[in-house]
Amino acid sequence: MDSLVSYLHAWGWQDWNPWTFLTIVLMACVTVITRSFFFLSEVPWILPSWAQRGMQYAPIAALAAVVLPEILMTQGVFIHSLADARIYGAIAGAAYFFWRRGSGQAVLGTIIAGMVVYLPLHLGLDW
C-alpha cells in the first residue's frame, strides 16, 4: 500500500482518499463484469417482449437526456429569456424533422435547419 501511495504522490495526488480510490476500482470492475456477460455466455440471450418494446425507446430517451438540458439550461440554471438562439434553432430543427419524417435525409436536414436558424441569431444578434 505504501508503494501505491508514493506512486499516487508522484502523479500529484497528495490528498487522495483510499475509499475514493477503492470505489473507483470497484466500479470499474462492476462495469467490466456487467458488460462482459454477453461475451462470456455461450447461450444466446433473448430479451422478453416487454424489454424489446422498451428498447425501441432507449435511443430517444438517451438523446432527450443529453439534448434537452443543453437547450433549456445555461450553467445549470433554466434559461429565463426568450432571447436565446438555442430555443429557435431547436424549434426549427424539430419542425423540419416532423415535416420531412419518413424521407431519407431527415436527420441531416434537421441539423442543417436548426443551424441555419441558430447561427444567425447567435452570431448576428449575440443571443
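The values are calculated or read from the model by the stated rules, or taken from the named source; none is laboratory data. Computed from a predicted model, the values in this text were never measured in an experiment. Using ideal geometry, Cβ is built from the backbone for each residue, glycine included, and neighbour counts are taken over all protein chains shown.
Flag: residue 42 does not match the condition of being assigned to a helix (DSSP H, G or I), among the acidic types (Asp, Glu) and exposed (fewer than 12 other Cβ atoms within 10 Å of the Cβ).
Table: residues versus (1) closer than 15 Å to residue 113 by Cβ; (2) surrounded by 12 or more Cβ atoms within 10 Å (Cβ to Cβ); (3) in contact (Cβ under 8 Å) with a residue 60 or more places away in the chain.
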residue: 61; (1), (2), (3): no, no, no
residue: 64; (1), (2), (3): no, no, no
residue: 70; (1), (2), (3): no, no, no
residue: 74; (1), (2), (3): no, yes, no
residue: 80; (1), (2), (3): no, no, no
residue: 84; (1), (2), (3): no, yes, no
residue: 87; (1), (2), (3): yes, yes, no
residue: 92; (1), (2), (3): yes, yes, no
residue: 95; (1), (2), (3): yes, yes, no
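If you go through the range 50-57 one residue at a time, do you hit one that is at pLDDT below 85, exposed (fewer than 10 other Cβ atoms within 10 Å of the Cβ) and assigned to a helix (DSSP H, G or I)? Among the residues of the range 50-57, not one is at pLDDT below 85, exposed (fewer than 10 other Cβ atoms within 10 Å of the Cβ) and assigned to a helix (DSSP H, G or I), which makes the answer no.
Filter the range 74-106 down to residues that are assigned to a helix (DSSP H, G or I), more than 20 Å from the chain's Cα centre (by Cα), among the small types (Gly, Ala, Ser) and under 18 Å from residue 124 (Cβ atoms), then give me how many there are. Adding up the residues that qualify gives 2.
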